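Undergrad: The following block contains the structure, expressed as structure tokens.
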Amino acid sequence: MSNLLFALYILLPLSALAAIWFSFRYAWWSKAVDYKHPRILMYHMVSDPKPGTKFNGLRVSPAMFEKQLQWLKQNNWNFVTMNQLIDNHSQLPEKTVALTFDDGYEDNYTQAYPLMKKYGACGTLYLVINRHNNDWSTKKKAHHNSGELVKEPKLSDDQVNEMVSSGVFEIGGHTTNHVNLNTIDKQTKYAEMSESKAMLEEQLNTAINSFAYPFGIYGTEDPAIAKELGYTNAVLAEGGIETDIDKNRFKLRRVKISGKDNFLAFKMRMKTGKRGWKK
Ligand SMILES: [Zn+2]
């Protein structure tokens, strides 16, 4: 086959297919969600991926996290905590971003905290009280029993105290034991959500207003329970960019920042809440 025919019949269709794949994977053509809507980002660990493990989506590498902070700063994003977001949401400037971290992994202190100080960022940490030796991943799916997350070091109370007194972090509730709210009775649910709040308030000597549903799982009555217990807002584990903070005060959507995303995907998520066309 001549080179010309090869190009016509093989390379052209292949590159067209590649372009289509790229377009749907990173839907660069989709419209930005209005920048008046703040972006609430969800992180877990800031650590390098561990080859061959299941939860690398929860591990954003320190290098990628720094690149994200640098980009946010260079593009004039305004960092807020969840309290600041809720208290001022009608007067927030365009391009406001709330960084949130779930569970209380130690790398939030060793990796995220110094980088956030460096770039003048702040964030909200949803902290589990009994976070050491607690294999909560099995509470979502019984077969998630590899012990991968239980082996990850968690924050000490001293580290949490320092992160809070620096002003870089604010703390939110994430239950006492990282329970699955859909599998426990009402009494346990109240205890998990309120005792953790009281313990954090005692430890940190400040009001705990924000709550994150563990695994993002919640029952129909749970938003009302969070409100009844004195929280002022609660976040989900997914959903993209929240566009109605008043209406969804106890069901706020978050943009999932995955350790499996590249930098283009991060920029797409800041623009549309999604990496590509569908998710
Ligand atoms: Zn969690």
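Undergrad: Expected output is a single nm value to one decimal: the length gained when fully extending between Asn76 and Asn262, i.e. 0.36 nm times separation in residues minus the C-alpha distance. What is it?
TA: Contour length minus Cα-Cα distance gives 64.9 nm.
Undergrad: Above 28 angstrom, tally the Cα pairs of the range 34-272 and express them as a % of all pairs, no decimals.
TA: Taking all Cα-Cα pairs of the range 34-272, the fraction more than 28 Å apart is 26 percent.
Undergrad: How many percent of DSSP beta bridges within the chain run antiparallel, rounded to 5?
TA: Taking every DSSP beta bridge with both residues in the chain, the antiparallel ones total about 5 percent.
Undergrad: Using a probe radius of 1.4 Å on heavy atoms only, what accessible surface per residue do you get for the chain? Whole Å² is fine. Could the numbers behind the result be given before it?
TA: Details: 13480 Å² over 279 residues.
Each residue of the chain exposes 48 Å² on average to a 1.4 Å probe.
Undergrad: Using modelled backbone amide H atoms (1.01 Å from N, in-plane), which distant-in-sequence or interchain residues come within less than 5 Å of Glu170's amide H?
TA: The answer is Gly123, Thr124, Leu125.
Undergrad: Mind pulling the angle between the C-alpha long axis of helix 12-25 and the longest principal axis of the chain? Nearest 10 degrees, somewhere in 0 to 90.
TA: Taking the Cα atoms of the chain, the angle to 12-25 is about 10 degrees.
Undergrad: Next question, about the same structure. With the calculation restricted to Cα positions, what are the radius of gyration and Dmax of the range 58-112 in angstrom?
TA: For the range 58-112, the Cα radius of gyration and maximum Cα-Cα distance read 12.8, 34 Å.
Undergrad: Another one. I'd like the distance separating the alpha-carbon centroids of the range 145-187 and the range 217-242, in whole Å.
TA: Answer, in whole Å: 17.
Undergrad: Label 7 Å along Cα→Cβ of Lys67; the range 231-275 residues with amide nitrogen under 19 Å?
TA: Under 19 Å, as judged by backbone N against the label point of Lys67, lie 256-275 of the range 231-275.
Undergrad: Report Arg249's accessible area, 1.4 Å probe, all protein chains in place, as a number in Å² to the nearest 10.
TA: 60 Å²
Undergrad: Please report the spacing between the Cα centers of the range 13-35 and the range 64-143 in Å, no decimals.
TA: Each part reduced to its Cα centre gives a spacing of 28 Å.
Undergrad: Would you mind telling me the share, in percent, of accessible area of the chain contributed by carbon and sulfur at probe 1.4 angstrom? Don't skip to the end; give the middle numbers.
TA: Numbers: 7120 of 13480 Å².
Using a 1.4 Å probe with all protein chains present, the chain comes out at 53 percent carbon and sulfur.
Undergrad: Which angle between 0 and 90 degrees, to the nearest 10, do you get for helix 186-204 versus the longest principal axis of the chain when only C-alpha atoms count?
TA: So the helix axis and the longest Cα principal axis differ by about 80 degrees.
Undergrad: Find the relative contact order for the chain and round it to a whole percent, using C-alpha pairs within less than 8 Å whose residues are 6+ positions apart. The partial results should precede the final answer.
TA: Working: 498 pairs, mean separation 62.9, N = 279.
Once normalised by length, the contact order is 23 percent.
Undergrad: Also, quick follow-up: Could you tell me what a quarter of the Cα convex hull surface of the range 1-62 works out to, in nm² with one decimal place?
TA: Average of the hull's projected areas for the range 1-62 equals 8.2 nm².
Undergrad: With viscosity set to 0.890 mPa s at 25 °C, what whole-number translational diffusion coefficient in µm²/s follows for the range 235-279 from Stokes-Einstein and a Kirkwood radius over Cα pairs?
TA: Values: Rh = 10.9 Å.
Rounded, D is 225 µm²/s.
Undergrad: Which GluC sites (Glu not before Pro) from the range 183-279 combine a DSSP loop assignment with at most 16 other Cβ atoms within 10 Å?
TA: Glu221
The values are calculated or read from the model by the stated rules, or taken from the named source; none is laboratory data. Treat the numbers as computed from the prediction; the structure is a model and nothing was measured. Neighbour counts are summed over all protein chains in view; Cβ atoms, including those assigned to glycine, are modelled from backbone coordinates with ideal geometry. We work out accessible area using only protein heavy atoms, side chains counted, and drop any ligands, DNA or RNA first. Shrake-Rupley method; radii C 1.70, N 1.55, O 1.52, S 1.80 Å.
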